[in-house]
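The next block holds one structure in the form of structure tokens; read it before the comments.
Where a number appears in this text, it was derived from the coordinates with a stated rule and is not lab data. Bear in mind the structure is a predicted one, so any value in this text is a computation, not a measurement. Please note: Cβ atoms are built from the backbone with ideal geometry, for glycine as well, and neighbour counts cover all protein chains shown.
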Ligand code: EPZ
């Protein structure tokens with residue numbers, strides 16, 4: 001297993017280009033199943049969740065190739081519609097192949113998905129939405145078996161704007177007779193990227209980015225090359241590192257509109273954030289000022305995936321901050337490790353009250369999930385003294401060599417195998 005060895009306390013400077021978005025490429029890889037022609041994806045991050053999704057595509061008969069930041073998927077001979085439990089359990093987005101498999105093969109079966117331990121992660125919105133377009137679903141012993149060889153377009157009202165449910169239904173509905181309209185759809189930028197991809201390969205989807213998405217069934221698929229959008233959470237992670245450590249950093253190849261809520265919240269610390277075309281410059285010359293309240297909510301609200309990174313940032317701010325986690329019911333799991341670094345906080349259910357300290361101190365800590373692991377890492381590079389971070393495999397799920405990005409800013413961080 002790998003660990004990070006960090007010698008913290010250095011100011012940051014320099015520039016880093018942001019990787020492609022994990023939460024865009026994962027549903028788009030699932031959507032490749034819909035295409036009878038080869039497709040090429042560019043700006044792909046080299047992360048383990050992508051490798052796991054490629055294993056799933058291989059398992060159903062796709063031919064996949066990966067070269068640096070390019071992935072080629074040829075699903076022309078895909079023929080299997082069953083995902084084994086071992087693969088389903090590896091990641092949440094294994095469940096996103098259900099919709100495209102039903103649309104392509106008329107049937108599909110998989111298992112309750114795995115994914116980061118951040119609280120209850122039901123699939124009822126996926127199931128109810130697929131049933132609305134005439135999918136028969138049988139669940140038992142952890143397995144989900146679907147039959148949908150006569151998909152019929154319908155109005156689908158989501159009780160909650162679930163990202164995954166929106167994406168699953170979009171991908172199934174491209175082969176439904178007539179028009180499907182998803183109401184109360186999730187509005188994340190990654191869904192806009194999925195819509196762009198679906199239309200590029202020959203389908204007809206409109207409205208992504210709004211809470212109402214229309215999918216007109218039918219279309220002949222053709223080859224395409226699709227560039228994955230920048231990762232807004234990695235962008236936010238690097239900006240938080242700049243705020244915590246102080247310095248002058250530039251994050252390049254970003255999509256400024258996708259990070260406006262994050263930039264707005266970080267500006268409350270008193271740092272200077274400016275943007276120029278597709279790069280963001282952050283200058284922080286003193287201890288971050290207080291951020292009084294952060295409430296996570298679906299896009300365009302403050303993203304839940306940035307919550308633990310903001311927890312780290314608030315832990316060294318000059319004041320007291322309140323964080324309310326409205327999306328997941330157990331997303332403070334990493335904070336006990338923050339306490340080892342000197343963070344002072346109180347947690348009650350979905351609320352954290354954090355009293356900032358002037359400096360954290362290095363410690364030996366363990367990551368237990370993706371974003372909490374990244375939060376511990378930026379806390380360590382800001383802290384005084386040495387830290388060891390175990391559980392780097394969780395960070396590798398979503399960050400394409402986080403240690404290299406931070407080293408490019410001048411942080412003292414290296415990966416070791418223990
Ligand atoms: C996606 O997960 C992301 N993952 C998550 O990113 C992200 O945190 C989340 O959206 C919210 O933005 C990918 O895109 C691969 P949801 P997803 O369905 O689709 C409830 C990361 O760190 N819900 O929008 O699983 C659920 O319990 C990961 O990159 C139901 O009740 O999220 C939660 O409270 C973590 N029933 C809320 O909706 C359902 O059927 C949001 O979940 C589905 C979800």
> At what distance in angstrom do the alpha carbon centres of region 372-418 and region 238-273 lie from each other?
Replying inline: 19 Å
>> So if I average 1/r over every pair of distinct C-alpha atoms in the chain and take the inverse, what Kirkwood radius in Å does that give?
In response: 21.7 Å
>> For a protection proxy built on the mean count of beta-carbon atoms within 10 angstrom, sort 93-100, 385-392, 205-212 highest first, please.
In response: 93-100, 385-392, 205-212
>> Contact order normalised by length for region 289-335, with contacts defined as Cα pairs under 8 Å and 6 or more residues apart; what percent is it?
In response: 49 percent
>> Can you tell me, using C-alpha contacts under 8 Å and at least 6 residues apart, the relative contact order of region 351-418 as a whole percent?
In response: 30 percent
> If you stretched the chain out fully between residue 155 and residue 67, how much longer would it get, using 0.36 nm times the residue separation minus the C-alpha to C-alpha distance?
Replying inline: 27.6 nm
> Given 37 °C and 0.692 mPa s, how large is the Stokes-Einstein diffusion coefficient of region 307-418 in µm²/s, with Rh as the Kirkwood radius over Cα pairs?
Replying inline: 232 µm²/s
>> Explain nothing, just the number: relative contact order of region 1-70, from Cα pairs under 8 Å at least 6 residues apart, as a whole percent.
In response: 33 percent
> Taking the inverse of the average 1/r across all pairs of different Cα atoms in region 76-221, what Kirkwood radius in Å do you get?
Replying inline: 15.0 Å
>> Quick check: residue separation of residue 417 and residue 107 times 0.36 nm, minus the Cα distance between them. What number comes out in nm?
In response: 107.3 nm
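What translational diffusion coefficient, in µm²/s and rounded to a whole number, does the Stokes-Einstein relation yield for region 15-139 at 20 °C and a viscosity of 1.002 mPa s, taking the hydrodynamic radius as the Kirkwood radius over Cα pairs? Please report the intermediate quantities before stating the final value.
Numbers: Rh = 15.0 Å.
D, rounded to a whole number, is 142 µm²/s.
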> Using alpha carbon centroids, what distance separates region 14-70 and region 175-236, in Å?
Replying inline: 16 Å
> Using the 10 angstrom Cβ neighbour count as an exposure proxy, how do 312, 260, 297 rank, fewest first?
Replying inline: 260, 297, 312
